[in-house]
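Note sheet for the following structure.
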């Protein structure tokens, strides 16, 4: 799945993201609103990840959906 599809289906995919990254709050997911950079930033904040690790995590998640 590419990121444009994720953006279009964000409302549906919020639950999937929440299940994968339980430290993300509902407010985090609302703020992300389908923006990849925002999701990466929130993962960095909540999980203490480096940017490269967060990007790899998000890219792996996209491939798995």
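What to note about this one:
- Computed Kirkwood radius, in angstrom, where 1/r is averaged over Cα pairs of the stretch 3-64: 11.4
- Computed label-point distance, nm, for sites residue 16 and residue 62 using a 7 Å Cα→Cβ extension: 1.3
- Rounded FRET efficiency, nearest 0.05, which uses the C-beta distance separating residue 37 from residue 1 and R0 of 25 Å: 0.90
- Burial ranking of peptide ranges 19-30, 34-45 (average Cβ count within 10 Å, highest at the top): 34-45, 19-30
- Counting only DSSP H runs of at least 4 residues, each contributing -39500 (n - 2.57), and dividing by the residue count of the chain, the helix-based mean residue ellipticity at 222 nm comes to -22500 deg cm²/dmol.
- In terms of packing, defined here as the mean over residues of other Cβ atoms within 10 angstrom, the peptides 3-9, 46-52 line up highest first as 3-9, 46-52.
- Here residue 50 and residue 23 are evaluated by their C-beta separation; at R0 = 25 Å the FRET efficiency comes out at 0.95.
Since every read-out is calculated from the coordinates, none of them should be taken as a lab result. Note that the structure is a prediction, hence the values are computed from the model and not measured. Using ideal geometry, Cβ is built from the backbone for each residue, glycine included, and neighbour counts are taken over all protein chains shown.
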